[in-house]
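Here is the structure we will look at.
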Amino acid sequence: MPQHVQGVIAPGRNEPVRVETIVIPDPGPGEAVVKIQACGVCHTDLHYKQGAINDEFPFLLGHEAAGIVESVGEGVTDVTPGDFVILNWRAVCGTCRACLRGRPWYCFATHNAKQRMTLLDGTELSPALGIGAFAEKTLVAAGQCTKVDPAVAPEVAGLLGCGVMAGIGAALNTGNVGRGDTVAVIGCGGVGDAAVVGARLAGAAKVIAVDIDDRKLAKAKEMGATHTVNSRDADAVESIRELTGGFGADVVIEAVGRPETYEQAFYARDLAGTVVLVGVPSPEMKLELPLLDVFGRGGSLKSSWYGDCLPSRDFPMLIDLHQQGRIDLAAFVTETIGLADVEKAFARMHEGDVLRSVVVL
């Protein structure tokens with residue numbers, strides 16, 4: 001029978017979010033109902049609230065989550081009730097041209113639950129990134145559930161569902177940071193700090209954190225940055241060059257998603273270096289660069305979707321590294337809150353004094 005649970009919806013563009021009763025249908029073929037234990041408050045949720053993703057209101061927000069599989073639909077074999085899982089928003093299909101070429105992290109046909117969750121009056125909800133996890137329970141495609149060691153705290157595990165994975169993957173997977181490389185990270189929020197962690201994990205010799213907020217730079221230093229640059233006080237490009245022998249960084253990770261910071265990243269890299277865009281721009285943004293500079297500097301200009309991760313491979317690996325003490329995922333959790341506190345968490349996000357507020361249920 002359908003279940004009634006509490007969840008956080010965004011009713012309209014820039015309207016305050018509110019807690020409503022959500023109707024969760026029984027899982028159909030290929031679907032699973034997951035009891036949510038923790039869900040991080042991500043900038044993407046704020047983008048949904050602002051209408052910057054699309055206008056398919058009302059949204060059921062939340063996507064950076066971990067919980068327990070409660071029930072599964074027909075044909076589901078990869079997860080069973082009782083499994084502890086991290087939810088992912090890129091459930092690979094296994095049959096598209098990217099998957100068949102052995103590149104499932106580029107899957108062009110990722111899937112979500114076919115049924116829709118609703119409000120009590122039958123209004124269909126659009127779940128954020130196909131998940132909708134600011135709720136006591138949610139309905140997802142079973143492929144969006146990645147089993148991990150249940151010994152890890154849910155508020156820590158869930159962070160791999162989006163921001164932390166995006167940043168670590170931008171360094172490890174997209175940027176291919178190698179031993180001895182120099183890396184610059186522009187933008188030191190949760191994703192940028194995760195990129196710092198990923199660069200150090202890969203063996204980078206020098207990791208330069210760039211931001212306009214000294215508090216964020218101090219946190220980036222705690223996360224493993226070897227040098228910091230406040231780009232409000234100093235020219236970011238010149239500072240990165242000075243710290244890299246005048247050459248620029250081997251890999252520059254742009255974790256802001258703005259034309260001006262992307263341009264900084266482009267000119268702050270070494271010849272034949274790599275720029276990785278992991279910050280998410282808004283639809284109206286435009287970038288203008290001299291085409292001769294694009295040609296003459298060589299190297300690679302890459303975009304990183306979800307850290308180019310493969311959840312079935314990367315989530316268990318990173319949980320294992322956390323349990324070994326090689327990375328500290330718990331350091332990303334600034335505060336734990338309840339469902340009713342999500343609007344306040346968005347405000348704190350603007351103030352810049354949190355890496356992650358995490359809803360705990």
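Here are some notes:
- Looking only at the range 302-332, and only at residues there that are crowded, with 22+ Cβ neighbours inside 10 Å and in contact with a strand residue (DSSP E or B) (Cβ under 6 Å, 6 or more places away or on another chain), the one that is farthest from Ala151 (Cα to Cα): Ser304
- Considering residues of the range 222-276 that are over 21 Å from the mean Cα position of the chain (by Cα) and β-branched (Val, Ile, Thr) only, the residue surrounded by the fewest Cβ atoms within 10 Å (Cβ to Cβ): Thr226
- Glu288 vs. criteria under 30 Å from Pro104 (Cα atoms) and open to solvent by 40 Å² or more (accessible area, probe 1.4 Å): no
- Here Val41, Val72, Val17 are screened, and the one residue that is open to solvent by less than 10 Å² (accessible area, probe 1.4 Å) and of a type in the set (Val, Ile, Thr) is Val41.
- Considering (1) outside any helix (DSSP H, G or I); (2) out of contact with any strand residue (DSSP E or B) (no Cβ under 8 Å at 6 or more places or on another chain), the lone condition that Cys99 does not fulfil carries the number (1).
- Residues that are hydroxyl-bearing (Ser, Thr, Tyr) and at pLDDT 95 or above, drawn from the range 107-142: Thr118, Thr123, Ser126, Thr138
- Here the range 44-63 is the region considered, the condition is being of a type in the set (Asp, Glu) and surrounded by fewer than 21 Cβ atoms within 10 Å (Cβ to Cβ), and the residue that is nearest to Glu20 (Cα to Cα) is Glu56.
- The lone exception for Trp105 - which of (1) crowded, with 24+ Cβ neighbours inside 10 Å; (2) not in a loop (DSSP other than H, G, I, E, B) it fails: (1)
- Filter pass, Leu355 being within 19 Å of Ala153 (Cβ to Cβ), open to solvent by 30 Å² or more (accessible area, probe 1.4 Å) and touching a Lys or Arg at 6+ places or on another chain (Cβ under 9 Å): no
- If you go through the range 69-84 and keep only what is under 13 Å from Thr138 (Cα atoms) and within 23 Å of the chain's Cα centre (by Cα), you end up with just Val69.
- Considered as a group, the residues in the range 117-176 that are touching a His at 6+ places or on another chain (Cβ under 6 Å) and outside any loop (DSSP other than H, G, I, E, B) include one that is nearest to Val252 (Cα to Cα), and that residue is Leu129.
The values are calculated or read from the model by the stated rules, or taken from the named source; none is laboratory data. What you see is a predicted model, and the numbers here were worked out from it, not measured in a lab. Please note: Cβ atoms are built from the backbone with ideal geometry, for glycine as well, and neighbour counts cover all protein chains shown. Ligands, DNA and RNA are excluded from the accessible area calculation, which covers all protein heavy atoms including side chains. Shrake-Rupley method; radii C 1.70, N 1.55, O 1.52, S 1.80 Å.
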